[in-house]
Amino acid sequence: MTKGRRVALLLALMSTVSGMAPAARQGRLIGKVVDPEGRPIPGVTVTTTCAEIPDFRQVTTTNDKGIFKVDFERVNVVYRYQFEKAGQVTLRVEQKWTLEDTERHEFKMSPAEATAADNRPPASTSSAAILAFNAGVLAFKAKNYPTAGAKFEEALTHDPYLRPAWAALSQVYLEQKRYREAADAADKAIALGSKDEPVLMARWEAYRRLGDEAKAAQAREDLDRFSRLSEEAKRIHNEGVALSKAGDDAGAFSKFQDALAIDPGFEPALIGLATTGLKIGRAAEAEAAAETVLKADPQNEQAIRIRYNASLKLGDRAKIVESLVGLAAVEPAMARDGLFKLASAAYESDDSVNAKIGFGKVLELDPNHARSHFFLGLILMREGAKQEAKSHLERFLELAPGDPDAATAKDALRYLRSS
């Protein structure tokens, strides 16, 4: 590997840190982070913990629409959210989660006086560690290695478990010919779970330059094994593709599983498993694979469509609603109509809670959907929310004055205005 490619890979690692997936989901938060004017803030690191579940810790990052998701293992406990981004004041929120379902909430962050860096911050509970790390990234890009090293070291004084900082230090120390420290930093990154090629490369090069033949040989073996495993996952995936093209979807599904056993994050194998899983009746596995892809790439159109189709096969209403909301990014009309159909079915069965939520989601996608305004107005009138009900019914009549239910809406408005 050339030095240039190694540095490029390391820079990618410096700006991307993924969180752990939950063991089991009982609830889901779909959050949106906005600024004081209501504009979405992308690239916010959201860390979720729970004092009652010491091992629970999820880290995620908002997408370009400011959206993030958190899956909860338990309900009826208090979760703590910490929102961090360079240039924003760190926000901390506590919330007792009681719903075994999905809810949406909005969180507002305020800008700080100055922005320390323009990179996405790493996953850490320490804002001081994040600021120092981002400053180190900027210095590294400018090839100011003394400053970069000092900033990464500072980040580790605030959070000694910040794996990207150890990985970055291994590269900085190599550039400074501090080979012993480079090897130690790489070993610490690996001990914290890193299997990234730049870290393995830094460890091998450091031990090689130290003249430690035994450790250099082991480091080289680890590096080669990483490369071989990646190639093996690709080879098995390609076998799965060939089987799928030949019509053997069950065999292809098995091959994709084998590829993912080697590299769990290999996106082509995840998509392959999800696609063939739908064909052979393994909808749960298909949905899980699509979710894994979407955690890394929320705008992946193929995964969005697969998740929707899988949720339909599973017949899980909450999953269908959630997948329809996601589908709006690629098929807005289909998503709107699907949500309206679900909301209407809930209304007809006197399930006003889900009907209200459903019509509200339709209006999020299409604020001018007349009949959602009509039904939402009727529901709010029953609940005694007179002003909101009037607003929706008036809007319905503005949008669809000739609708067959216009007379009903006018009668409802007369009642609301007289009461």
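The values are calculated or read from the model by the stated rules, or taken from the named source; none is laboratory data. Remember, it's a predicted structure, so these values are computed and weren't measured experimentally. Here Cβ is always computed from backbone atoms with ideal geometry, including for glycine, and neighbour counts include all displayed protein chains. Quick note on the areas: whole protein, heavy atoms, side chains included, nothing else; ligands and nucleic acids left out. Shrake-Rupley method; radii C 1.70, N 1.55, O 1.52, S 1.80 Å.
Relative to the dominant Cα principal axis of the chain, helix 267-279 is inclined by about 40°.
Accessible area per residue was computed with a 1.4 Å probe on protein heavy atoms; Ser227 scores about 50 Å².
Working from Cα positions, state the angle (0 to 90°, nearest 10) between the long axis of helix 283-296 and the longest principal axis of the chain. Approximately 70 degrees, to the nearest 10. What's the longest uninterrupted piece of the chain once you rule out the trypsin sites (Lys or Arg not before Pro) that are loop residues per DSSP with at most 13 other Cβ within 10 Å? Longest gap between qualifying sites, sites excluded: 196-419.
Among the chymotrypsin sites (Phe, Trp or Tyr not before Pro) in region 123-175, those placed in a DSSP loop whose Cβ has at most 16 other Cβ atoms within 10 Å are Tyr161.
With the charge dipole of region 44-111 set up from +1 on Lys and Arg Cβ and -1 on Asp and Glu Cβ about the Cα centre, the Cα lying farthest toward the positive end among the listed residues Gln82, Ser110, Trp97 is that of Ser110. In the full protein context, the chain carries 48 Å² of accessible surface per residue, based on a 1.4 Å probe and ignoring ligands, DNA and RNA. Note on the chain: with charges restricted to the Cβ of Lys and Arg (+1) and Asp and Glu (-1), its dipole about the Cα centre is near 580 debye.
With every protein chain in place and a 1.4 angstrom probe, the accessible-area ranking of Glu154, Glu197, largest first, reads Glu154, Glu197.
Across the accessible surface of the chain, with the other protein chains kept in place and a 1.4 Å probe, carbon and sulfur atoms take up 51 percent.
Legend: Rg and Dmax of region 293-345, from Cα coordinates, 10.5, 34 Å. Computed from Cα atoms, the angle from the helix 3-14 axis to the main principal axis of the chain rounds to 40 degrees. Taking each residue as 0.36 nm, the span from Asp55 to Ala142 lengthens on full extension beyond its C-alpha to C-alpha distance by 27.5 nm.
Under a cut-off of 26 Å between alpha-carbon atoms, report the lysines in cross-link reach of Lys96, not counting same-chain residues fewer than 8 places apart. Result set, ordered by chain and number: Lys32, Lys65, Lys69, Lys85, Lys108, Lys295, Lys319, Lys356, Lys361.
Here are some values of Cα Rg over 2.2 N^0.38 Å: (i) 1.04; (ii) 1.18; (iii) 1.32. Which one was computed from this structure? After the calculation, the listed value that fits is (ii).
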